[in-house]
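Written below as structure tokens is the structure these notes are about.
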Amino acid sequence: MGTSLFKANYGYKPITSLTLQQVIKISKTAKERVETFINLHKNLYKIVKLVQEHIKKYYNLKKSKGPDLKKGDKV
């Protein structure tokens with residue numbers, strides 16, 4: 001009964017040499033990196049949306065409108 005999940009899954013006990021101080025420092029660094037990645041993702045998302053809007057406007061301007069046909073014209 002006293003087996004950890006890690007040992008049950010992988011067959012050995014993990015060896016960690018981190019002290020509590022190191023864990024706190026790593027977690028702060030990890031949080032900062034996550035916040036950086038979240039901000040980068042938001043900025044990239046905004047840029048992609050802006051580019052899509054400009055491409056849409058350009059495409060709509062350059063799109064062929066076809067021949068001007070009126071009722072009664074022979075086709």
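Projected label points at residue 12 and residue 53, each 7 Å from Cα along the beta carbon direction, are separated by 5.5 nanometres.
A simple count of charges around residue 49, restricted to other residues whose Cβ falls under 15 Å of its Cβ and scoring Lys, Arg +1 and Asp, Glu -1, yields +3.
When the Cα convex hull of the chain is projected onto planes of every orientation, the mean area is 13.4 nm².
Taking all protein chains as shown and a probe of 1.4 angstrom, residue 45 keeps an accessible surface of around 130 Å².
In a reduced charge model with +1 at each Lys and Arg Cβ and -1 at each Asp and Glu Cβ, the range 21-75 shows a dipole moment near 200 debye about its Cα centre. Dipole of the chain computed with +1 at Lys/Arg Cβ and -1 at Asp/Glu Cβ about the Cα centre; of 48, 5, 30, farthest Cα towards the positive end is 48. What angle do you read, to the nearest 10 degrees and between 0 and 90, between the alpha-carbon axis of helix 20-62 and the longest principal axis of the chain? In the chain, helix 20-62 runs at an angle near 10 degrees to the longest axis.
A straight Cα-to-Cα reach below 23 Å connects residue 65 with the lysines 56, 57, 74, residues fewer than 8 places away in its own chain not being considered.
The values are calculated or read from the model by the stated rules, or taken from the named source; none is laboratory data. Nothing here was measured: the structure is a model prediction, and the numbers come from that model. Cβ coordinates were reconstructed from backbone atoms using ideal geometry, including for glycine residues, and neighbour counts include every protein chain displayed. We work out accessible area using only protein heavy atoms, side chains counted, and drop any ligands, DNA or RNA first. Shrake-Rupley method; radii C 1.70, N 1.55, O 1.52, S 1.80 Å.
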